[in-house]
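The values are calculated or read from the model by the stated rules, or taken from the named source; none is laboratory data. Computed from a predicted model, the values in this text were never measured in an experiment. For neighbour counting, all protein chains shown are included, and Cβ atoms are generated from backbone atoms with ideal geometry for every residue, glycine included. To get the accessible areas, we keep the full protein, side chains included, count just its heavy atoms, and leave off ligands, DNA and RNA. Shrake-Rupley method; radii C 1.70, N 1.55, O 1.52, S 1.80 Å.
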Amino acid sequence: MVDNWSQGGIAIGVDLTSGALDRSGVTSAKYGRRVYAMHPDTGVRFASVTLPWWRETLELAERAALGLQPNVTLGLDIAITPHGPVFIEANEAHDFFFLQEACGPLGGTPLGRRVLAHWLRARRARPQAQ
């Protein structure tokens, strides 16, 4: 059993200041792009959930990102346990479709601008095919 979005799990945005979940989550188009206001198995309304250990989770994510430089963007998997957050893994080839489905368009956000600038620099640095 997995909770991965690419395997039919639900993506949901999180308020970065408070750790509060968005009002609804969504599955990928591959799984019907279904929108949920509550978890289909537990019935818990997403809008009623604020993640525990949120400050510690953000601190762990920042430490992981700084430790994994020079990567500009990473997909970090962090589990929140009863005893605090635990780093699971980092993915260099993370899924921006997932991030946009969960959080909305990235174009005008600081993350979106930074990623675009990085990709444009990387593209200019690559040798051109003859």
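At 0.36 nm per residue, minus the direct Cα-Cα distance, what do residue 47 and residue 71 gain on full extension? Give it in nm, one decimal, please.
Using 0.36 nm per residue and subtracting the Cα-Cα distance, I get 5.3 nm.
If I stretch the segment between residue 119 and residue 36 completely, what's the gain in nm (0.36 nm per residue apart, minus their alpha carbon distance), one decimal?
Extra length available between residue 119 and residue 36 comes to 26.6 nm.
Let me check something: with ligands and nucleic acids excluded, how do 12, 80 order by accessible area (1.4 Å probe), largest to smallest?
From most exposed to least exposed: 80, 12.
Around residue 13, which amide H atoms from residues at least 5 apart in sequence, or from another chain, sit under 5 Å from its own amide H, with H modelled in the peptide plane?
Result for residue 13 returns 22.
Using the Karplus curve 6.51 cos²θ - 1.76 cosθ + 1.60 with θ = phi - 60°, work out ³J(HN,Hα) for each residue of segment 80-86 in order, rounded to whole Hz, and write x for Gly and Pro.
Those phi angles translate into 9, 9, x, 9, x, x, 10 Hz.
Within segment 1-87, list the trypsin sites (Lys or Arg not before Pro) lying in a DSSP loop whose Cβ has at most 13 other Cβ atoms in a 10 Å radius.
Counting only loop positions with at most 13 other Cβ atoms within 10 Å, the trypsin sites (Lys or Arg not before Pro) in segment 1-87 are 33, 34.
With all protein chains present, how much of the accessible area of the chain (probe radius 1.4 Å) comes from carbon and sulfur, to the nearest whole percent?
With neighbouring chains kept in place, the figure for the chain is 57 percent.
List every residue whose amide H lies under 5 Å from the amide H of residue 76, counting only residues 5 or more places away in sequence or on a different chain, with H placed 1.01 Å from N in the peptide plane.
Result for residue 76 returns 91.
Identify which of the listed values of Cα extents along the principal axes in Å was calculated from the structure shown: [x] 49, 39, 23; [y] 57, 35, 30; [z] 41, 36, 29.
Identified label for the calculated read-out: [y].
What do you reckon, how do 88, 10 stack up by accessible area (1.4 Å probe), largest on top?
Order by accessible area, largest first: 88, 10.
Would you mind working out the accessible area per residue for segment 25-130, using a 1.4 Å probe, and quoting it in Å²?
Accessible surface, normalised per residue, equals 74 Å².
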